[in-house]
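First the structure, in the form of structure tokens, and then the observations on it.
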Amino acid sequence: MPPPGDPYCYHSILLPWNNGMQMGFSSLYAIDQVMDAFKISFDHEGFSGTGDVVDVYNEAVFYDENEEPFTNGASFNSFSDNMYLGRGISYFNSLDDYNTIDIVGHEFTHGIINDAHFDALDLEGEAGAVNEALCDLFGEFANLSGLVDWKLGAEKSDGAIRHYDNPKAYGFPDTYLGDYWYSGSGDNGGIHTNCTVLDYCFYLMANGGSGTNDHGETYNVTPLDNGMWDIYDIAWQAMMHYIDGDDDFITTRNCFIQAAKDLYGSCSEEVIITSEAFKAVGISHYSPQALATICGTYSSSLPNVLKAFSLFRMPWLSIQPISEHALLPLTQEQT
């Protein structure tokens, strides 16, 4: 056998392939599918978009906060620019390894966020949860030939890691600062837990849904016309042009709304649906009714002065209605 990392051609017809060989070929197939998906849909090659080499290592061993080894995991290393895939709980079960297409797509997206940005998203706190959620979404995207199941790693023998369509049923949050929200210091501030709030938001954008969130707010989100494809386009625009550094959930919401405006127009249905989905999971600066009134979609009452943070992170903007039916002049205040 060759040393780890060296190329090797498996060509035996008579001898059976062992588990290590099967895992290697599964990973090769997965990364090929992932890279094709990003190239075809976004003309993005490699991590940086310039066609850089992507190295994937199988049978990786990871270490937890107590330096205990484990193999049921996957990661992108920002220093080596390599992806590492664990073999799962059991070496003897080739269906248990962490090389499903959505997991490989998830880690590949970490590489894009790291290499294609001057100021890459952090991997701690709310920014880290945003990072994880974007990778979850584009992990689903990468499986173009498969069924979108809104789960991460469901094809593994030990089941899915996260469920985006109903995270609370599995002990994960679906509302910002709501039930199951993690506020401790472990896992870099709960980045692999709190990300499911955005996962559920993305699910609502693509599929719609109604209910009451953990803050007692009712919601009824209409799905985007083209479902998954619209959310992919909006998320890609937001991820590649707006979201970076230590951006939190509120800033991410603003970036998504701006991305929807870029693609579909300022008062488009896509912009309103995006705003409503974020409000449904408890992430909002102002009500969708106020947004709809500004867009002239339907009437509602406004306060005397409505303030909203600029999506471009410029000075604050205030809207002051003169009368119930008057046009709203826009003024700028320095901060």
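Looking at this model, which pairs from LYS39/LYS151; LYS156/LYS279; LYS39/LYS156; LYS151/LYS279 are more than 31 angstrom apart at the alpha-carbon? Walk me through the numbers on the way to the answer.
Numbers: LYS39/LYS151 23 Å; LYS156/LYS279 33 Å; LYS39/LYS156 26 Å; LYS151/LYS279 22 Å.
From the list (LYS39/LYS151; LYS156/LYS279; LYS39/LYS156; LYS151/LYS279), the Cα-Cα distance tops 31 Å for LYS156/LYS279.
For LYS168, the aspartates and glutamates whose Cα falls under 17 Å of its own Cα, not counting residues fewer than eight places away in the same chain, are ASP136, ASP149, ASP179, ASP199, ASP214, GLU217. Amide H to amide H, with H built 1.01 Å from N, PHE47 comes under 5 Å of ASP52, counting only residues 5 or more places away or on other chains. Reported to the nearest whole Å, the Cα centre-to-centre distance from the stretch 180-259 to the stretch 63-137 is 19.
Calculate the tail of P(r) for the stretch 117-286: the fraction of all Cα-Cα distances greater than 23 Å, expressed in %. It would help to have the intermediate numbers written out before the result.
Values: 4803 of 14365 pairs.
Cα-Cα pairs in the stretch 117-286 separated by more than 23 Å: 33 percent.
Taking 0.36 nm per residue of sequence separation and removing the Cα-Cα distance, the SER41/TYR182 pair yields an extension gain of 47.3 nm.
Karplus-based coupling profile of the stretch 74-80, in residue order and whole Hz: 8, 7, 10, 9, 6, 7, 8, with θ = phi - 60° in 6.51 cos²θ - 1.76 cosθ + 1.60 and x standing for Gly or Pro.
Just so you know, all these numbers are worked out from the coordinates, no wet-lab data involved. Remember, it's a predicted structure, so these values are computed and weren't measured experimentally.
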